[in-house]
Every structure is written in structure tokens, then in C-alpha cells.
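These notes are about the structure you will find just below.
Derivation of every value follows stated rules applied to the coordinates shown; laboratory data play no part. Nothing here was measured: the structure is a model prediction, and the numbers come from that model. Because the Cβ atoms are built from the backbone with ideal geometry, glycine has one as well, and the counts that use them run over all protein chains shown.
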Amino acid sequence: MPEAQKTRINFLAGIGLGSIDHLEPKPKLFPDASILVEGNYYKFFVQGNEGWINRRFERILSFRITGIKFSNYTKTEILNDGAEKLSTEGRHYAVFAEPAATLRFGFEYFKLSSQVGFSFPISGRRSFDNNGLWLAMGLHLSFPKP
């Protein structure tokens, strides 16, 4: 007899913060220099999920809106002769729409998980690139209800 499936709908919100310190040696647009990017960022998201779940398998469709704000953002061009050209960029923000699909399979409390999603900028002033397609794989653990 096939196992019963449940439909689950939930909503999430989250925040995060961090810093970036990235050196890109000789990028294609500036072959005579390396680019050093530094700054702090704050992230906020809201997400809705709809899924079909049973003990061994889960299919989930998600839609997330993410806002990222950079502050104290600086970009330094380090020329081949060692000279530096600093440009202080100040504050930047961007808003992204991020649909995703998740598949999980395994046991009731331990599943392998894979997720594929897209990230589309929908507003803001971006001074950074983003990869529109992403893939994540991992383990999903859940704990029994007491």
C-alpha cells in the first residue's frame, strides 16, 4: 500500500550579516591590475515553501525575496607596478527574486537533500556580480517530536 503524502506550506524569514575581503587577480576587464573588494553586508529574506512530504521523500517549491545591503564598501585597484588606486563606494543594496526546487530522500529523520535555484536581481544598485543559477547538496536532519 503506498505511503500517504502530506502537503505542507510554511513561511520563513531570516537575517544575516558578515564581511567580505576578496582579491580578484587580473580580472578580464582590468588585465593590468588586481581588484581588492572589502566591505560589510547585511542580508534579510522572506520565503514561502509548498511541498509534498512523506516519510522517505520530499518535493518542495520555494520562492524567496532577498535584500542585501553593503556598507563601508571599498574597491582598490592594485596595479602591476604596486601602485594602488582606491575608490570608496559607500553603500550599495540589491533585491533578488530566488525561486528554488528541493528534493530530499532517505529515512524519516535523515535524508539526502539537493536544491537547484535561480537568483534574479530585481532592484537596487549592485556593484557585485551574482551567479544566476545555483545548486546545493547536503544532509537534512529532523528530530522526533517529544
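Worth a mention:
- Approximate spin-label separation residue 6-residue 110, in nm, with each point projected 7 Å along Cα-to-Cβ: 2.2 nm
- Packing-based ranking of 13-21, 59-67 yields 59-67, 13-21, ordered from highest to lowest mean Cβ neighbour count within 10 Å.
- Here each label is just a point 7 Å from Cα along the line to Cβ, and for residue 93 and residue 140 those points are 3.3 nm apart.
- You can think of it this way: the chain between residue 131 and residue 50 has 26.7 nm of extra reach, that is 0.36 nm per residue less the Cα-Cα gap.
- Using the average count of surrounding beta-carbon atoms within 10 Å as a protection proxy, the listed peptides 49-56, 69-76 rank, highest first, as 69-76, 49-56.
- Multiplying the residue separation of residue 40 and residue 122 by 0.36 nm and subtracting their alpha-carbon distance yields 27.4 nm.
- Legend: distances between Cα atoms for 6/111; 43/111; 43/145; pairs beyond 21 Å are 43/111; 43/145.
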